[in-house]
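Each reported figure results from applying straightforward, stated rules to the coordinates on display, with no laboratory input. Note that the structure is a prediction, hence the values are computed from the model and not measured. A quick note on method: Cβ atoms are made from the backbone with ideal geometry, for glycine too, and the neighbour counts reach across all protein chains shown.
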Amino acid sequence: MLPIVHHPGYSIEWPERHPFPMAKFRVLRRRLSTLAFDDRDDVGWITPAPATGKALLRGHTADYLQRFYLGEIATTRRTPSGFPWSPALVERTLLEVGGTLAAVDSAMETGLALNTAGGTHHAYADRASGYCLLNDLAVAAHHLLAEYRLERVLIVDCDVHQGDGTAWIFRDEPRVFTLSLHGEANFPFEKRQSDRDVALPRGTGDDAYLARLEAALDPILNDFRPQFVLFDAGADVHADDRLGHLALSDHGLYRRDHRVLAACRRRGIPVAGVIGGGYDRDLEALAERHAQLFLAALALISE
Ligand SMILES: [Zn+2]
């Protein structure tokens, strides 16, 4: 059984010319329907609840959360989050984090689960950054430590941008290992130190990317021996992404996602995947890139 978490509220009304493709979650959901994900009895759809204050307080400061709820954070395009604040934005952000938490809970039962959103890795404990208001990966890792008493959680961040917020939040937390593969020329221009960083040059394509991924991931899985893996499958490593400087193909995305999920499954490690970044005005093309994660997962549970 492959649990997939989705909420229609992930996509909200959005300024037409805003560079963040807020409608992509809805288009991805429709794409998964087109790919017959609704017709399969080995796929279980889950509708998440908004993340609770209790869960959020493990990854964020009370002061920041209060300002986030009340809109007392700077949220114009030139300010840290890049988002225009609204009550609807708060609600969809809480649903997105709730979705990653639901995927984590499901993966603890089934071994593998996916969220059709998530991967907001630039958010810090006390501030927004780069289209990220709350850090779902950090909240989810804390959830695993607190609710399941895990002692080793690995975050595999394959978004083209470095997971700087996550790295910083867990800089002094030995129970959470952060691995980030990212474009060295991409945002954030001031990188934080993850437990393991793999900075890739402009134009890195499928084969070189996969070689660097395998060289980094396998030793961590063998040595750190995580009890859970959070996987950020950012699609902004794609050659046609508007923001990313890497050059993966659709099939390269599939191979990457299959590789990460298979490495976890082979070792019996539960894994929850989130879609991460992806920026393209062509939402159908973007949805197809994000769909590769779901196709790879489906192939794995069918093996
Ligand atoms: Zn990104």
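Between the range 58-73 and the range 231-302, how many Å separate their Cα centres? Distance between centres, Cα-based: 31 Å. What does DSSP give for the chain in terms of the percent of beta bridges that are antiparallel, rounded to the nearest 5? Percent antiparallel among DSSP bridges in the chain is about 5. How much net charge surrounds ILE275 when only the other residues with a Cβ under 14 Å from the Cβ of ILE275 are counted, with Lys and Arg +1 and Asp and Glu -1? Residues close to ILE275 contribute a combined charge of -4.
Starting from a Cα-only point model with no solvent, please compute log10 I(q)/I(0) by Debye for the range 190-303 at q = 0.14, 0.21 1/Å. The Debye formula, applied to the Cα set alone, gives -0.58, -1.27.
As a ratio to 2.2 N^0.38 Å, the alpha-carbon radius of gyration computed for the chain takes the value 0.89. For the range 1-25 versus the range 160-229, the spacing of their alpha-carbon centroids is 26 Å. If only the Cβ of Lys and Arg carry +1 and only the Cβ of Asp and Glu carry -1, the dipole of the chain around its Cα centre is close to 300 debye. When the helices of the chain are scored as -39500 (n - 2.57) per DSSP H run of n ≥ 4 and the total is divided over every residue, the value at 222 nm lands at -13000 deg cm²/dmol. Only one residue of PHE294, PHE189, PRO3 has its Cα farthest out toward the positive end of the dipole of the chain, where Lys and Arg carry +1 and Asp and Glu -1 on Cβ, and that residue is PHE189. Taking other C-beta atoms within 10 Å as the exposure proxy, GLU96, GLU72 rank GLU72, GLU96 from fewest upward.
As an exercise, take the mean of 1/r over every pair of distinct alpha carbons in the range 41-172, invert it, and state the Kirkwood radius in angstroms. That comes to 15.1 Å for the range 41-172. Residues whose amide H comes within less than 5 Å of that of TYR124, counting only those at least five positions distant or on another chain, are SER129 (H built at 1.01 Å from N in the peptide plane). Helices in the chain that qualify as membrane-span-like (whole DSSP H runs, Cα extent of at least 30 Å along the helix axis, mean Kyte-Doolittle hydropathy of 0.5 or higher) are 87-110.
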